[in-house]
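The values are calculated or read from the model by the stated rules, or taken from the named source; none is laboratory data. Bear in mind the structure is a predicted one, so any value in this text is a computation, not a measurement. Glycine gets a Cβ as well: all are built from the backbone with ideal geometry, and neighbour counts include every protein chain shown. With ligands, DNA and RNA removed, areas are computed over all heavy atoms of the protein, side chains included. Shrake-Rupley method; radii C 1.70, N 1.55, O 1.52, S 1.80 Å.
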Amino acid sequence: MALRRAVGSLARKDDVAEGLGYAVKRRLLGRPLINEQLGEQRLSKTLALGVLSPDGISSSAYGTEEILIELLKGGLAVTAFTVLLPITGVVLFVMVLVVLSYREVVMVYTRAGGSYVVARENFGPRVAQIAALALLVDYVVTVAVQIAAGTAAVASAFTPLQNPTTLTLISIGVVLLILYGNLRGIREAGKAFAAPTYLFSAVMILTIIVGLVREIFFTLPTWHVVCHNCTYAQQATPNHNSLITFGLVFVMLRAFANGGSSLTGIEAVSNAVSAFRPPEGRNARRVLVYEGAILGTLVAGISWLAHVTRAQPYTLGVPTVISQEAKLVFGLSVFGHIMYALVQTATALILYTGGNTSFNGFPFLASFVAEDAFLPRWLMKRGHRLVFSNGIVVLAIVSITLLAVVGSNVNALVPFYALGVFTAFTMAGFGMARFHHRTREPGWRRRLVINFSAGVASLAVVLIFAIVKFTEGAWLVVLLFVLGVPALIYLNRQYRNEARVLEGIESRSGGRPEPPTYARRSVYVFLDDYDLAGVAALRYARSLRPTSLRAVHFVIDNVQADRLRAGWLRANPGIPLDFVDCPDRRLAAAAANLVGTEAALPGVGVTAILPRRSFTPVVGRLLHDRTADKMASAISRIPHAVATIVPFDVRSRVESLTSRGVAVKAPPSTAGVSAGQASAAGAEPGAGARARRGAADQPVAEELTTRADSGGYERPAPRPGVTPIGSLRRPGRAVVEGRVHTVEIRPVEHNTVLACDVEDATGQLTALFYGRSNIAGLRPGSKVRLRGQVGIREKKPIMINPAYELLAPGEGDGGDRDRRGEA
């Protein structure tokens with residue numbers, strides 16, 4: 001009786017509590033969001049330019065500096081600032097080609113995905129994995145480069161931070177902060193994320209204009225280095241050879257490759273075309289042109305100021321070239337200090353915002369690739385706050401690792417950067433060229449030339465970068481492509497093979513096999529002890545209504561076997577119990593042999609049921625060997641046999657008993673379970689897959705079949721004119737509204753019944769649609785209004801074939817309805 005009372009106390013609904021991990025997640029991230037809150041904000045051109053351009057426009061903050069680094073390292077201290085201008089011109093020419101190419105992309109492919117979608121549609125899904133891997137690498141390195149550059153902007157204004165370790169720690173801390181914000185569901189489509197773009201563009205254009213004016217009036221000073229051996233120019237060996245020598249050509253190619261980092265981020269607009277207001281393609285096209293114009297102006301202006309001020313890059317990365325230019329342009333007056341602080345603030349903000357854009361792009365791209373079965377499926381799942389949490393965490397881990405290994409130095413990170421970016425540009429250019437050649441729409445020749453030229457130019461940058469930066473880190477990216485693309489294709493092959501097996505396509509007939517029908521159904525329940533976990537397994541086995549039902553114990557310990565036999569005889573559950581010798585103690589093999597022998601009989605299907613006791617995740621794995629999983633794995637490979645594990649959560653029940661002050665004793669045997677308890681396994685007719693719920697009217701089954709609460713969202717409150725479900729206690733006509741909690745297809749003889757559990761804030765009602773197996777839109781989480789005759793069955797309201805109306809999310813008083821139907 002004590003055991004019965006203890007078990008009964010566990011059946012209360014408030015005992016079904018979430019674990020510690022969920023409690024911590026809820027405290028850190030807030031309340032979970034429901035699917036209907038997954039709204040999409042359409043962006044105007046003004047807002048889109050601010051939201052989607054930080055990555056591209058912010059690259060102007062370090063593009064010129066990267067060109068100068070290679071020129072000065074190559075020994076061109078005298079001519080570096082002169083050669084800087086033509087190299088910048090070549091970089092801007094490539095930028096124009098890329099912008100023109102992506103103008104065609106956004107007009108044709110208005111779904112998110114950018115160059116990956118272009119490559120997939122024009123070259124096939126396998127070739128598209130080159131673009132996918134390039135973009136994924138781009139997003140990862142973008143986080144590291146943008147955050148490192150933002151930290152350099154901050155450290156340029158605060159000299160105590162100018163230490164390599166300090167810079168790296170700050171950058172990692174910023175990534176963690178962005179990670180936390182994105183896990184909480186920060187969305188880019190907001191004015192707060194657009195402000196840094198306009199602020200940076202405005203202050204830098206002002207800096208360029210003031211600098212040009214001061215140059216005209218000969219009042220613009222040049223930069224003087226006061227430290228020793230701290231710049232690239234001081235450490236380089238002077239080279240006085242002619243510019244036609246191989247060494248200097250190589251230096252210029254390296255400088256051009258570094259300058260290509262100025263073009264990163266241009267593709268961001270093409271990855272979010274679907275977020276624009278209609279007409280999406282035309283608006284995205286204009287935003288691309290605006291972004292290109294701003295980026296080109298800033299890169300050209302910053303390079304010119306570096307040319308006239310002789311601002312030099314430092315080996316530590318701080319102070320930055322753009323910081324030196326701001327100091328020289330605005331001077332040392334109070335106004336100059338204010339403007340300098342504003343420039344550094346705007347620079348840091350747009351760079352950090354540019355790093356945040358990857359936390360939106362990477363998870364979405366990973367979900368697209370996973371949807372095509374080239375990445376693990378868990379990257380498609382939305383998390384607690386309706387964001388792709390797994391992709392966000394993966395991005396943060398990889399980018400933090402990159403920062404920790406390489407350091408928070410933009411020049412050290414650039415070799416990993418532009419290779420992925422320009423590979424994506426190449427795939428987009430050639431993909432669009434193939435599209436125009438295939439469709440031959442009006443004006444296709446001009447568009448083909450533009451896209452093909454962009455593809456060739458981008459491919460040239462890729463080859464130059466791979467050669468001149470190979471030893472500095474580009475080798476790792478090349479190796480990643482060599483190994484990564486085949487790995488993605490292999491993963492896709494595995495998914496396709498699994499799908500073929502699960503769909504039955506591998507059968508010799510080539511068709512999908514019919515569901516098996518067995519003349520006899522044999523059920524084995526494998527027991528180690530006769531306890532509550534075993535009782536739950538026996539009850540589930542009875543609910544299957546098999547032809548034969550047997551309990552089996554493999555004897556590897558005679559004392560345990562005797563204890564089980566004694567408890568079984570006292571309880572008398574009315575089920576045969578077989579004791580099978582297992583001298584070699586290979587339980588999985590013994591179970592497979594027993595099931596295999598029975599399944600080999602003609603017309604016999606076998607179900608093996610294994611109770612599994614669930615303990616704490618860490619200690620439980622240490623103390624228990626999960627034998628049930630091993631046995632189920634062996635049985636599942638036998639034709640005409642299936643293994644079913646019936647879990648029993650020991651941990652939560654022990655915690656609940658302890659919190660209620662119930663004494664938990666461990667008797668020498670479990671004979672205290674009465675025969676009535678052990679045999680009360682009957683389930684209501686037709687329960688089928690709901691056998692666990694069907695036994696809820698039995699004393700012990702209440703505890704064993706506690707149903708998970710639908711606490712992931714609030715149940716809708718009834719509105720005026722709608723009958724609260726909780727008030728339906730007698731038959732009659734009614735109109736109810738609620739959220740669909742469960743949809744189930746129940747077989748009834750030669751027909752089916754679609755059963756839907758509908759909830760509001762007051763209760764639950766079951767709607768039965770006879771002869772239906774599916775109603776479009778009627779799925780868990782949707783809102784519905786039902787009209788019809790209410791009946792009462794087992795003290796619960798039901799409606800049979802009611803008229804239904806699917807309600808739009810957030811529908812108010814008689815708002816628009818999605819769909820109506822008469823069942």
remark   = Within region 70-84, residues being at pLDDT 85 or above and under 43 Å from the mean Cα position of the chain (by Cα) number 1
request  = Filter region 65-107 down to residues that are among the aliphatic types (A, V, I, L, M) and part of a loop (DSSP other than H, G, I, E, B) and give me whichever is most open to solvent (accessible area, probe 1.4 Å).
outcome  = 78
task = Could you pull out every one of the helices (runs of 4 or more DSSP H) wholly within region 109-187 that has 3 or more residues that are closer than 30 Å to residue 341 by Cβ and not aliphatic (A, V, I, L, M)?
result = 125-157, 164-183
Residue check, residue 350 touching a residue at least 12 places away in the same chain (Cβ under 8 Å), over 22 Å from residue 387 (Cβ atoms), crowded, with 23+ Cβ neighbours inside 10 Å and touching a Pro at 6+ places or on another chain (Cβ under 7 Å) = yes
ask   = Which one is surrounded by the most Cβ atoms within 10 Å (Cβ to Cβ) among residues in region 357-373 that are of a type outside the set (A, V, I, L, M, F, W, C) and touching a Pro at 6+ places or on another chain (Cβ under 8 Å)?
value = 357
key: Selection from region 374-392 of residues that are crowded, with 19+ Cβ neighbours inside 10 Å and either without any contact (Cβ under 8 Å) to a residue 12 or more places away in the chain or out of contact with any Lys or Arg (no Cβ under 7 Å at 6 or more places or on another chain) (or both)   = 374, 375, 379, 383, 387, 389, 391, 392
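The rows are residues; the columns are (1) surrounded by fewer than 24 Cβ atoms within 10 Å (Cβ to Cβ); (2) among the basic types (Lys, Arg).
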| residue | (1), (2) |
| --- | --- |
| 409 | yes, no |
| 417 | no, no |
| 434 | yes, yes |
| 437 | yes, no |
| 440 | yes, yes |
| 446 | yes, yes |
| 465 | no, no |
| 471 | yes, no |
message = Looking at the structure I just gave you, is residue 569 open to solvent by less than 40 Å² (accessible area, probe 1.4 Å) and among the aliphatic types (A, V, I, L, M)?
response = no
Residue 448, sole failed condition from (1) assigned to a helix (DSSP H, G or I); (2) out of contact with any helix residue (DSSP H, G or I) (no Cβ under 6 Å at 6 or more places or on another chain) = (2)
query = What are the pairs, 6+ residues apart or on separate chains, where a residue within region 263-276 that is within 15 Å of residue 107 (Cα to Cα) has its Cβ under 6 Å from a residue that is assigned to a loop (DSSP other than H, G, I, E, B) and among the charged types (D, E, K, R)?
reply = 274/111
task = Kindly list, by first and then second residue, each pair from a residue in region 300-314 that is touching a residue at least 60 places away in the same chain (Cβ under 8 Å) to a residue that is among the β-branched types (Val, Ile, Thr) and surrounded by fewer than 24 Cβ atoms within 10 Å (Cβ to Cβ), limited to pairs with Cβ atoms under 6 Å and residues at least 6 apart or on different chains.
result = 301/208; 309/222; 310/222; 312/231; 314/231
query = When you go through 537, 541, 533, 589 one by one, which is the residue that is modelled with pLDDT of 80 or more, surrounded by fewer than 16 Cβ atoms within 10 Å (Cβ to Cβ) and under 22 Å from residue 635 (Cα atoms)?
reply = 589
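Residue-by-condition table, conditions (1) modelled with pLDDT of 75 or more; (2) buried (at least 23 other Cβ atoms within 10 Å of the Cβ); (3) of a type in the set (A, V, I, L, M, F, W, C):
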| residue | (1), (2), (3) |
| --- | --- |
| 25 | no, no, no |
| 30 | no, no, no |
| 38 | no, no, yes |
| 48 | yes, yes, yes |
| 55 | yes, yes, no |
key: Matching residues in region 497-514 - criterion: being over 29 Å from residue 587 (Cα atoms), open to solvent by 100 Å² or more (accessible area, probe 1.4 Å) and either under 35 Å from the mean Cα position of the chain (by Cα) or at pLDDT 70 or above (or both)   = 500, 506, 512
request  = Give me the pairs, please: first residue somewhere in region 481-504 and under 27 Å from residue 463 (Cβ atoms), second residue anywhere and open to solvent by less than 90 Å² (accessible area, probe 1.4 Å) and not hydrophobic (A, V, I, L, M, F, W, C), beta-carbon distance under 6 Å, and either six or more positions apart or on two chains.
outcome  = 485/129; 488/129
